[in-house]
1. Would you check which residues across the range A:166-201 are open to solvent by less than 40 Å² (accessible area, probe 1.4 Å), of a type outside the set (Phe, Trp, Tyr), assigned to a helix (DSSP H, G or I) and under 20 Å from A:Lys23 (Cα atoms) and list them?
2. Using beta carbons and a limit of 6 Å, which pairs, at least six apart or on different chains, have the first residue in the range A:254-273 and without any contact (Cβ under 8 Å) to a residue 40 or more places away in the chain and the second one charged (D, E, K, R) and outside any helix (DSSP H, G or I)?
3. Can you confirm whether the range A:303-321 contains a residue that is more than 25 Å from the chain's Cα centre (by Cα), of a type in the set (D, E, K, R) and within 9 Å of chain B (Cβ to nearest Cβ)?
4. Since A:Asp271 meets every condition but one in (1) within 11 Å of another protein chain (Cβ to nearest Cβ); (2) within 30 Å of A:Ala141 (Cβ to Cβ); (3) open to solvent by 20 Å² or more (accessible area, probe 1.4 Å), which condition does it not meet?
5. I'm checking my understanding of the structure. Among residues of the range B:10-24 that are at the interface with chain A (Cβ under 7 Å from one of its Cβ atoms) and touching a residue at least 12 places away in the same chain (Cβ under 8 Å), which one is most open to solvent (accessible area, probe 1.4 Å)?
6. Of the conditions (1) within 24 Å of A:Thr82 (Cα to Cα); (2) open to solvent by less than 30 Å² (accessible area, probe 1.4 Å), A:Cys278 fails just one. Which one is it?
7. When you check A:Leu242 against the structure, is it away from chain B (no Cβ under 14 Å), assigned to a helix (DSSP H, G or I), hydrophobic (A, V, I, L, M, F, W, C) and in contact (Cβ under 8 Å) with a residue 60 or more places away in the chain, yes or no?
8. Of the residues B:Leu32, B:Leu46, which single one is open to solvent by less than 10 Å² (accessible area, probe 1.4 Å), more than 7 Å from chain A (Cβ to nearest Cβ) and at pLDDT 90 or above?
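The values are calculated or read from the model by the stated rules, or taken from the named source; none is laboratory data. All values derive from a computational prediction rather than experimental measurement. Virtual Cβ from ideal backbone geometry, glycine too; neighbours counted across all protein chains shown. For the accessible areas, the whole protein counts, side chains as well, though only heavy atoms, and no ligand, DNA or RNA atoms are used. Shrake-Rupley method; radii C 1.70, N 1.55, O 1.52, S 1.80 Å.
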Amino acid sequence: MTKQKDSKGVVSAEETLQGEHRKVYLLGNPNCGKTSLFNAITGERLHVGNWPGVTVSRIEGRKDVDGKILSFVDLPGAYSLTPASPEEKIVLQNMGLAWNEQVLNVVDASNLNRNLLLTAQLLEIGIRPVIALNCFDSFSAMGGTIDLKLFSNMTGCEVFPTVGRTGDGTVVLSEYLAQGKTAALPSEERTCLSLPEEWQKAAEKVLLLNGGKSWAASEPLARYDSIVKLTGRDTSDEKLTLVRRELAEDLSKTLNREVREDNLASELAADRYRRIGCVISATSQVPEKQMTPLHEKLDDVLTHRFWGFPIFLLIMALVFWTTFSIGNIPMEWIENSFAWLAEFFKNVLPKGLLADLFVEGLINGVGSVVVFLPNILILFFWIALLEDSGYMSRAAFMVDRLMEGMGLHGRAFIPMIMGVGCNVPAVMATRILDDKFQRYLSMFLIPFVTCSARLPVLVLLSGIFFPQNPALCMFTLFAINILVMVLLGHFIHIFAEAKSPAPFMLEMPPYRFPTPKSLWNLLKDKALDFLVKAGTVVLAGTVVIWVLQAFPRQVPLSFDYKAEVAAYEQTLDGEELSSAIQELEQRKTIEELEGRYIAKIGKFFQPVMAPLGFTWRETVSLIPGFLAKETVVSVLNILYMPMSSPADSEELSPEAEQAQVTDLGDAMRKNGITPLKAFVFMLFTLLYIPCIATVGVVWRESGSAAFTLLTLLCYFMIAYGVSFATLKIGQADPTFNELGVIFLGLLALAFILSKLVRAIKGSGRPGAACSGNCSACHAVCAPSEDELN
Amino acid sequence: MTTEIKLLAELDEGMEGVIHNIDLDSPTAQRLLDLGFVPGTPIKALRKAPMGDPVTYRIRGYEVGLRKSESSSIAVEVSDND
């Protein structure tokens, strides 16, 4: 459309410059239906950024009203302008730009009281938002009524009742917005939500103290800063303390009670709610009780002290089962169709390097990306259902205590549990966490959750080296794995808490029926997001690893296999011939493999890995393990193949496979791999690195290559450290065998249990033992406080 | 009828009180104030999680779950009717 105008000439181009293009900043509390309103107004999203706060923290969309273009900026949800998280900081920063443009404050009509705090804060610093009273239908259904005209008069803001889910009211709203009145509120205009005289006077003094302009001449963010300084408790600035004292005296006179100068933050918050209360009681009838009897009954059952957990576990089991068992069916179809495609192109294309690259690198690579889709879609279907219905908050409420030990929010349980099935959808599921730090921490910890792809290595090697009790060996590995994860989370939490006290609060929204439309939108977004963003990374990685495995094409061989085969053909015949040829071919395969880049890299790193007791074969097998952990087994098989007496490959009966397995064991034992070393190798395989698909999603979801690299380095170092320690402990006991494993397992189990018991008892936590109002105690409990201020 | 000052964390399920004050030294104080936990606000403890923590509260017409570390920084006035 703009193009057409441009083609007409300069005049119309100027029109757009003169302000046909209007920016509208959307802000509101989390859960106020802001995003559904945004979707209802703009229809299709033009630009879907990452989840709020990841890299692009604003989502923009456009709407054309009578030839004027409204471009909407959807800011992350915020309870208050005073930021408690990086997301909310973004909201505050944007307000520095927004006051010259337009601000749309989405207010949940069914939760007016708390939602209007943000409105009050905006008006205090001179930003006049347009108010969308959202969820107006449920407000009316609850029996609420409101005098919109009076409300508009008292607040000085235009008010529009809207319903985000249906789009009701959005047409009138956008027509008003198209008029383009800016949000700047003239300082002489006062509303019922504006800052009281005493406060504004004091804030102006703070502004002037710091060499700023008068209140009227200052910009909103400067005003905001002055209020923050006024309510702060840092007493190092004497002049500021004096202003506070004067304000406290002024307030004491007006309020007719003692106001302490160190309690101004509390006074201001109370005053805000007093003003909000004034407006609400004058304009509206809000029903006393928001929760219906049905809601309470549901809560009684779903969060019941005894039934709550079993119900939660059942639901989780259902989510898990459908995601991974049902999800397996379409996954097999996808795998089969890609295998068919690969076969098809192999036959059609002329043999050569390009065909190999296309089939083995590209088609298999794309296949390895697409194969995750069923898991991701099913999991997100459930997440959307649980989230929209309101059950997610209840579940988080119940398991919060368990997650807290790892420094995680109760909501992080879904990603962590799903990690057992596959880390890739689990990392994507971290999006349900609002807090950036929480999201990063769970992304970092998820790869420590043993996914099903790591099982083949464990099953195979445990079977070979611990034939008496493979299950116990695996259990011990899991226990050590979990121990590492819990301890790591715990320490990061302790370390990070000193820096950012993420406030815990879990809003319990009313139970609702999810709409199919919102489900569909979410699933579509997730699928595209994964394919386009993570998919490209995974594909690139797959191709790179394939190249390493396939090049150089020609490896100089130690002797002429062809001539040897020809020689055998003349001297031997029958079975002897075929087995001799087979042996030769195997030797050729391994020699070729040794010549490829991947083996060269493995051998290059061998000195690093040698202290862990690995031979170069183990080291090399770990590299393709980056592609998918299952391949560790197959590479080990190939590398040890010539050393084992070859099993007849034509017979693929279970016994034959069994024979091959023990042969691999023999070969490994001959190379000096003891049960201890095998155990250490399995431990290392569990911990050393997540597969490339996981790395791809972590990169995309975190939006930070530095973070991703750092986590990879961490994993490697942790794996190395833990493996090395295990090896040394094992070597200290020369009789290391199953007994040693049992001992380690029991140790880990005892540690976890003791942690769990302590967590449940709730002892040793600063907040619990601390009497809340004793500042001396707090100084001990939270020594980091001072750093904060 | 007498009133007694307790920590919010000490309220049993179903008990009601009025917020007395908030420990401003607590790192989450500002957030709690913004959410409407200001002196004079009625609050009710609704239910405890199976492991005793967190606890949900009703305040200003909405429900919110707080951990003990947060609810220990809030003092409430509770009236005894016996």
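1. A:Thr170, A:Leu173, A:Ser174, A:Leu177, A:Ala178
2. The qualifying pairs are A:Asp262/A:Arg233.
3. Residues of the range A:303-321 more than 25 Å from the chain's Cα centre (by Cα): A:303-308, A:310-311.
Next, from what is left, pick out any that are of a type in the set (D, E, K, R): A:305.
Next, only the ones that are within 9 Å of chain B (Cβ to nearest Cβ) stay: A:305.
For the range A:303-321, residues more than 25 Å from the chain's Cα centre (by Cα), of a type in the set (D, E, K, R) and within 9 Å of chain B (Cβ to nearest Cβ): present.
4. That leaves (2) as the condition not met.
5. Initially, the range B:10-24 is screened for residues at the interface with chain A (Cβ under 7 Å from one of its Cβ atoms), giving B:21-24.
Retained after the next criterion (residues that are touching a residue at least 12 places away in the same chain (Cβ under 8 Å)): B:21-23.
On the way: B:Asn21: 52, B:Ile22: 8, B:Asp23: 10 Å².
Only one residue tops the list, namely B:Asn21.
6. Single failed check for A:Cys278: (2).
7. Values: away from chain B (no Cβ under 14 Å): yes; assigned to a helix (DSSP H, G or I): yes; hydrophobic (A, V, I, L, M, F, W, C): yes; in contact (Cβ under 8 Å) with a residue 60 or more places away in the chain: no.
Judged against the criteria, A:Leu242 is not a match.
8. Details: B:Leu46 fails: open to solvent by less than 10 Å² (accessible area, probe 1.4 Å).
Being open to solvent by less than 10 Å² (accessible area, probe 1.4 Å), more than 7 Å from chain A (Cβ to nearest Cβ) and at pLDDT 90 or above holds for just one of B:Leu32, B:Leu46, which is B:Leu32.
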